[in-house]
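For reference, the structure discussed in these notes is given below.
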Amino acid sequence: MSAAPHSRSPRDVRLDFFRGIAMFVIFVAHVPANSWFEFIPARFGFSSAAELFVFCSGVASSFAFGRLFQRQGFSSGLFRTMSRIWQVYWAHIGMTLVMIIVSIIGLKLSGTDYPTRLGLGWFYAHPAEGVFAMMTLTYTPAYLDMLPVYLVLLAMLPLVMLVARLSPKLALGSLFALWGLVQVTGLNLPGGQGPGNMWYFNPFAWQLVFFTGFAFGMGWLKAPDLRKGLLFWLCVAFLLLSVPVNFWAFTDNFPLLASIHDALLPPDGKTNLHPLLYLHFLASAYVVLTLIEPIRGELHRAKPVVLVGQQALATFMASTALAWSLGMVLDIAGRGLFATSIVNLIGFAGIVAVAALAQRYKSPKEGPKSALNLKAQPAE
């Protein structure tokens, strides 16, 4: 241990910056039939903003919860983690109710079958069963899959910390083994938009991204040096080779490239975190972090983006509600270039406004205690 028991690592703006970027991208991806969606980073490679969001959540959790386990003991860490689980659970239930209300309003105003678009058809047809399924997380409307995954990951965290007492390597090895088990057996939880469906983001697979970030934050993994060496150029090559088999401009015009993509990534690849998604994300993260290293100290100047990243839960909820509400506006106004651009910009402004409100009313004691520092920080 190189730091005092109660010392705090300095805040690294990169975590907030990249979480903010992820929020804006997620908003664009969730607006129905949004032409901007065709140019988000996920269209150029295997991974997406989901991996970035989950990874950053893991890093933030290492400071908010993992270090608390170390500083104040297991019971304090467990209490803090369970409190967060309770908070996120009711945030998810609240978001589900908001989406139900939004779908009803949209149906009344335009006559469009928004309940079906939002995956609420089964819920409306079986309301009593639907409420029970909603409360037990065995039912989720469309695009509300991520918070339940976060709940499971937080629930796993105390167990991971217990195993890490024996050895962090044993904890990480167990998590890799769980991911491997998913690849072989398809182990998942029942959920989705009706009976017989499974969770879109399999938490037993996606935990690998979360706990990779967590391990970096805890110092269990040492990140490679951020320099333009052999590793950097290998990652660049991998990213460039990924573009032709992912970007629609290539796959739509060259069927062979689309076939290669389908051969490389099975239909459940996103759900079960196929290795290509994981490796593509790690390569992307390393390349981007290396490129921004010279201007790392200037990232705080992107204040709106950083602010959104600091208030991740509030802005994630806001982005989902805004995406579907503004999608309804596009249904009425049309999806021309001007209307689409205005709606996306209004959505961005709304997300920033929510972040500002959350910051104003949030207790100073809450939130991440530190942020991403991939060059090893002192253990606490």
Could you check Gly191 against (1) touching a Leu at 6+ places or on another chain (Cβ under 7 Å); (2) farther than 23 Å from Thr81 by Cβ; (3) among the small types (Gly, Ala, Ser) and say which number it fails? (2)
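For the condition without any contact (Cβ under 8 Å) to a residue 60 or more places away in the chain, in a helix (DSSP H, G or I) and in contact with a His (Cβ under 9 Å, 6 or more places away or on another chain), what is the one hit in Phe238, Phe232?
Result of the check over Phe238, Phe232: Phe238.
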Which numbered condition Leu162 fails, given (1) touching a helix residue (DSSP H, G or I) at 6+ places or on another chain (Cβ under 9 Å); (2) under 18 Å from Met198 (Cβ atoms): (2)
So in the stretch 29-84, with the set limited to residues that are buried (at least 20 other Cβ atoms within 10 Å of the Cβ) and of a type in the set (Ser, Thr, Tyr), which one is nearest to Ala258 (Cα to Cα)? Ser47
Going by what's in this entry, would Leu277 be described as of a type outside the set (Phe, Trp, Tyr), surrounded by 13 or more Cβ atoms within 10 Å (Cβ to Cβ), farther than 28 Å from Asp145 by Cα and at pLDDT 95 or above? no
Counting only helices (runs of 4 or more DSSP H) entirely within the stretch 281-368, those with at least 1 residues that are of a type in the set (Phe, Trp, Tyr) are 312-333, 337-361
Inside the stretch 174-222, can you point out the residues that are in contact (Cβ under 8 Å) with a residue 60 or more places away in the chain, in a helix (DSSP H, G or I), within 14 Å of Asn272 (Cβ to Cβ) and among the aliphatic types (A, V, I, L, M)? Val182, Ala205, Leu208, Val209
Take the stretch 314-328 and flag every residue that is of a type outside the set (Val, Ile, Thr) and under 12 Å from Ala22 (Cα atoms). Phe316, Ser319
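Sort through Lys365, Lys369 and tell me the only one that's loosely packed, with under 13 Cβ neighbours inside 10 Å, among the charged types (D, E, K, R), farther than 28 Å from Glu38 by Cβ and at pLDDT below 90. Steps first, please.
Details: Lys369 fails: loosely packed, with under 13 Cβ neighbours inside 10 Å.
That would be Lys365, the only listed residue that is loosely packed, with under 13 Cβ neighbours inside 10 Å, among the charged types (D, E, K, R), farther than 28 Å from Glu38 by Cβ and at pLDDT below 90.
Look at Thr138 and say whether it is touching a strand residue (DSSP E or B) at 6+ places or on another chain (Cβ under 9 Å), touching a residue at least 12 places away in the same chain (Cβ under 8 Å) and within 15 Å of Gln193 (Cα to Cα).
Values: touching a strand residue (DSSP E or B) at 6+ places or on another chain (Cβ under 9 Å): yes; touching a residue at least 12 places away in the same chain (Cβ under 8 Å): yes; within 15 Å of Gln193 (Cα to Cα): yes.
So Thr138 passes the test.
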Give the stretch 141-173 a look and list any residue that's buried (at least 20 other Cβ atoms within 10 Å of the Cβ), under 25 Å from Thr212 (Cβ atoms), without any contact (Cβ under 8 Å) to a residue 60 or more places away in the chain and more than 16 Å from the chain's Cα centre (by Cα), or say none. Val160, Ala164, Ala171, Leu172
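The values are calculated or read from the model by the stated rules, or taken from the named source; none is laboratory data. Computed from a predicted model, the values in this text were never measured in an experiment. We place every Cβ from the backbone using ideal geometry, glycine too, and count neighbours over all the protein chains shown.
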